[in-house]
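Enquirer: I have a structure I would like to understand better, so I am pasting it below and will then ask my questions one at a time.
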Amino acid sequence: MHGYDEPVYLISVVSKVLSIHPQTLRQYEREGLITPSRTEGRMRLYSQKDMDKIRMILRLTRDLGVNLAGVDIVLQFKEQIDELENEIEELKNELATLKKQGTIDKSKSLIKKRHAYDIILFGE
């Protein structure tokens, strides 16, 4: 079995599976919406993750009528949301660890500075 991020599918396979013209896939790449891997011979290889992203692009363009500039914005927002969700999960795990260790003074807050914003966690 291949990993989710492992590039294994040729453009012809992706084109056939997703019912999309290969030139459309090339256009998505030129627009910076997808970035398939390349073999040493410069052939495009797509991963399952790439295919899922293309499916999302197709839903946005075909079903919702979003243009490619709008798709780019949606994908950027989705990436930011994913990063923030990962950060929240890390902070939850860190807070749980601190609670187990009993190192949180319940009368004080724990402030973590990450990126350009503050996250303030209060004790119970």
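We did not get these values from a lab; they are worked out from the coordinates using the rules stated. Worth saying up front: this structure is predicted, and the values here are computed from it rather than measured. Neighbour counts are summed over all protein chains in view; Cβ atoms, including those assigned to glycine, are modelled from backbone coordinates with ideal geometry.
Enquirer: Please sort 86-99, 26-39 by packing, taking for each peptide the average over its residues of neighbouring beta carbons within 10 angstrom, highest first. Working shown, then result.
Expert: Working: 86-99: 12.0, 26-39: 14.4.
In descending order of packing, they fall as 26-39, 86-99.
Enquirer: Hey, got the Cα dimensions of segment 9-66 along the principal axes, in Å, largest first?
Expert: 37, 21, 19
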